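Since the structure comes first, as structure tokens, the remarks are kept for the end.
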Amino acid sequence: MSSKTIDAAASGTWNLGDLPVHRVGFGAMRLTGSAAFHLGAPRERERSIAVLRRAVELGVNHIDTAAFYFSSLRSANELINSALGGPYPDDLVIVTKVGPHREYSGEWGTAARPDQLRGQVEENLRQLGRDHLDVVNLRRMRQDSIAEHFGALAELREAGLIRHLGVSAVEPRHLAEARAIAPVVCVQNQYGLHSPDPGADEVLRVCRDQGIAFVPFYAIAGDAGPQGASTAHHGELLEVARAHDATPAQIRLAWTLHQGPQVLAIPGTGDPDHLAENIAAGSLRLTAEEVSRLDAVRGGPSAS
């Protein structure tokens, strides 16, 4: 399919609290290097900045990032600030996340304590050049309860450092825990046509029932996860892609968006051509028969 002039608005709109965003956004993780979280060869700085600016030109107004998205020479937040700050577009919503702790050497440490979350929020503010964060997701780090951590973020929301809150890598019980403390505008879990997390379907159903945005990560990558886009494509997926003159990655995104109007996609790339393809996937409309065929590939019916 042609992707040259398709705008992100073609994917539709959903609100993160009082902030409207197009359903196809952009994930900044891959801007920092060829593979997520690796400290190898970083991407060319000017190319990454150009991709960010092109994303906004194509209607993207939802960018997902984190202070721990960095490689040996690149910081996703700093790239976003350089490309889009001074001032940021009025309608641009930047979503970040806190919880994991990563040393400047690149090594992962233990999860942040509740009293350390303010420091993580302030680091995101500093790197992005903002006086508040639009949305902050608490990324659960295998804790049985997230109440104390989420409560700490709720206090920062009350203090005006954060506008809206979300959660990530959670089960329905964690979402209920958070909602008892403060409003939750989004849930960010791994999910996709070949997602290895079977529990994500139930989280998706809860979000649909409660009107909460569901924001899957690795929707294109599938089992490959942070290493990059999946190259293992089922025959049914390839047939549907051919029928739409689309790539398998575009069909993966289209199937994900089909799961409900509250589902938002945040595919990431450092390639301008892939960026245009990802955004164009928001205009794809799968037939009921195609969705059924893809559901069968996944091993069961979809949550829609």
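Just a few scattered comments:
- Yes/no for Tyr104 being modelled with pLDDT under 95 and part of a loop (DSSP other than H, G, I, E, B): yes
- For region 186-201, taking the residues that are free of Cβ contacts under 8 Å to residues at least 24 places away in the same chain and surrounded by fewer than 18 Cβ atoms within 10 Å (Cβ to Cβ), the one that is farthest from Thr96 (Cα to Cα) is identified as Pro198.
- Whichever residue in region 127-174 is among the polar types (S, T, N, Q) and at pLDDT 95 or above and, among such residues, is nearest to Pro89 (Cα to Cα): Gln127
- A residue that is among the hydrophobic types (A, V, I, L, M, F, W, C) and farther than 20 Å from Asn61 by Cβ occurs nowhere in region 256-275.
The values are calculated or read from the model by the stated rules, or taken from the named source; none is laboratory data. Since this is a predicted model, take the numbers as computed values, not measurements. Cβ atoms come from the backbone with ideal geometry, glycine included; neighbour counts cover every protein chain shown.
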